[in-house]
Amino acid sequence: MTRMRIGFIGDGNITRTVRGELASRPYEVVGAFGRADAIPDGLDLLVEAATQSAAAERVPGVLERGTDVLLLSVGALADPGLRQRLASGHGRLIVCTGAVGGLDQVRALRVGGVLDRVSIESRKLPATLIQPWMDDALRQRLAAGQEEIVLDDDLATAVTRRFPASANVAAAVALAADAWDTATARVVADPAAVRTRHTIHAAGELGEVTVTVTNEPSPERPRSSAVVARAVVRAVDDYARLRGFDAPVGPVVL
């Protein structure tokens, strides 16, 4: 077997944490690349761990030349034009589950037919949800962190655009359910949400599922959950096993 060559888009907290975890694994990490950096040929897998805009700018070209990409900024897929572009590349686009669970069950339900209901509610500490488009009064209320505020309740695609750093989970649910036009998302600023909480619900002909996930925030970046980097590590290991690269011993869970 051979060593898998991995690169990263973005060099933030998630990338640094993942690289630390991968140091003890039989992979070759080539480097992390910013917007001005050329992404080299010869990578087996490129991990996108940047932003929705960076994913839209850089991932299509990487896929077109045949390199596989593990995508974290799932919210970028809320753009139907970008979804079409990414589906036409020669490389494989692999979506990371990130901070949410239960997507395997949602996808299985979808195989049985169009789902009747798909929703996600996300609760986070108020200060982590402040956005540039908010007026001063709302920003002050969130910064004070003394009250529960429903900040958004809309289609998941719309919520993802308004909360780009916090609502990739909404896009992940819509993607799993193939329900871009119907899946809804609710964002709640909750002073009691010391742990970020996501509640996912989906129902169809085969049954229904409700999953509640609570995550510790990342100490370095409270807007993100600490578990996200570990989800990336798990996905990288599974990818390596499926492709026949050197990897830690273990089964692939699909």
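Residues in segment 122-172 that are in a strand (DSSP E or B) and under 25 Å from residue 102 (Cα atoms): 122, 123, 124, 150, 151, 152, 153, 154, 155.
Considering 187, 228, which residue is buried (at least 16 other Cβ atoms within 10 Å of the Cβ), within 25 Å of residue 147 (Cβ to Cβ), among the aliphatic types (A, V, I, L, M) and within 19 Å of the chain's Cα centre (by Cα)? It is 187. Within segment 137-161, being free of Cβ contacts under 8 Å to residues at least 40 places away in the same chain, closer than 22 Å to residue 213 by Cα and not aliphatic (A, V, I, L, M) holds for 152, 153, 154.
In the set (1) part of a loop (DSSP other than H, G, I, E, B); (2) more than 13 Å from the chain's Cα centre (by Cα); (3) in contact (Cβ under 8 Å) with a residue 24 or more places away in the chain, the condition left unmet by residue 219 is number (3). For residue 197, the stated conditions do not hold, so it cannot be described as open to solvent by 80 Å² or more (accessible area, probe 1.4 Å), in contact (Cβ under 8 Å) with a residue 60 or more places away in the chain, under 19 Å from residue 56 (Cβ atoms) and not aromatic (Phe, Trp, Tyr).
Please indicate, with yes or no, whether at least one residue in segment 133-149 is at pLDDT 95 or above, within 27 Å of residue 12 (Cα to Cα) and aromatic (Phe, Trp, Tyr). Scanning segment 133-149 turns up at least one residue that is at pLDDT 95 or above, within 27 Å of residue 12 (Cα to Cα) and aromatic (Phe, Trp, Tyr).
Listed here are the residues, each with its yes/no results for (1) at pLDDT 95 or above; (2) out of contact with any strand residue (DSSP E or B) (no Cβ under 7 Å at 6 or more places or on another chain); (3) among the aliphatic types (A, V, I, L, M).
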| site | (1), (2), (3) |
| --- | --- |
| 22 | yes, no, yes |
| 27 | yes, no, no |
| 32 | yes, no, yes |
| 36 | no, yes, yes |
| 54 | no, no, yes |
| 62 | yes, no, yes |
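Among the numbered conditions (1) farther than 29 Å from residue 111 by Cβ; (2) open to solvent by less than 10 Å² (accessible area, probe 1.4 Å); (3) within 14 Å of the chain's Cα centre (by Cα), tell me where residue 172 comes up short. Result: residue 172 passes all but (1).
One residue alone among 5, 19, 83 is farther than 30 Å from residue 119 by Cα and in a helix (DSSP H, G or I), and that residue is 19. All told, residue 72 falls short of being touching a Gly at 6+ places or on another chain (Cβ under 7 Å), over 21 Å from residue 176 (Cβ atoms), buried (at least 23 other Cβ atoms within 10 Å of the Cβ) and modelled with pLDDT of 95 or more. Every condition in (1) farther than 22 Å from residue 225 by Cβ; (2) assigned to a helix (DSSP H, G or I); (3) in contact with a helix residue (DSSP H, G or I) (Cβ under 9 Å, 6 or more places away or on another chain); (4) hydrophobic (A, V, I, L, M, F, W, C) is met by residue 62 except one, and the failing one is (3). The residue of segment 175-184 that is nearest to the chain's Cα centre (by Cα), among those that are open to solvent by 30 Å² or more (accessible area, probe 1.4 Å) and of a type outside the set (Val, Ile, Thr), is 175. Selection of segment 22-52 for residues being surrounded by 16 or more Cβ atoms within 10 Å (Cβ to Cβ), outside any strand (DSSP E or B) and not hydroxyl-bearing (Ser, Thr, Tyr) yields 22, 25, 39, 43, 44, 49, 50, 52.
Those residues that are open to solvent by 20 Å² or more (accessible area, probe 1.4 Å) and not hydrophobic (A, V, I, L, M, F, W, C), I need them from segment 114-127; list them, please. 116, 117, 119, 121, 123, listed by residue number.
Among residues of segment 79-104 being crowded, with 18+ Cβ neighbours inside 10 Å and over 17 Å from the mean Cα position of the chain (by Cα), the one that is nearest to residue 217 (Cα to Cα) is 91.
The values are calculated or read from the model by the stated rules, or taken from the named source; none is laboratory data. Only a predicted model underlies this, so the values are computations on that prediction, with no experimental measurement involved. Cβ coordinates were reconstructed from backbone atoms using ideal geometry, including for glycine residues, and neighbour counts include every protein chain displayed. Only protein heavy atoms, including side chains, enter the accessible area calculation; ligands, DNA and RNA are left aside. Shrake-Rupley method; radii C 1.70, N 1.55, O 1.52, S 1.80 Å.
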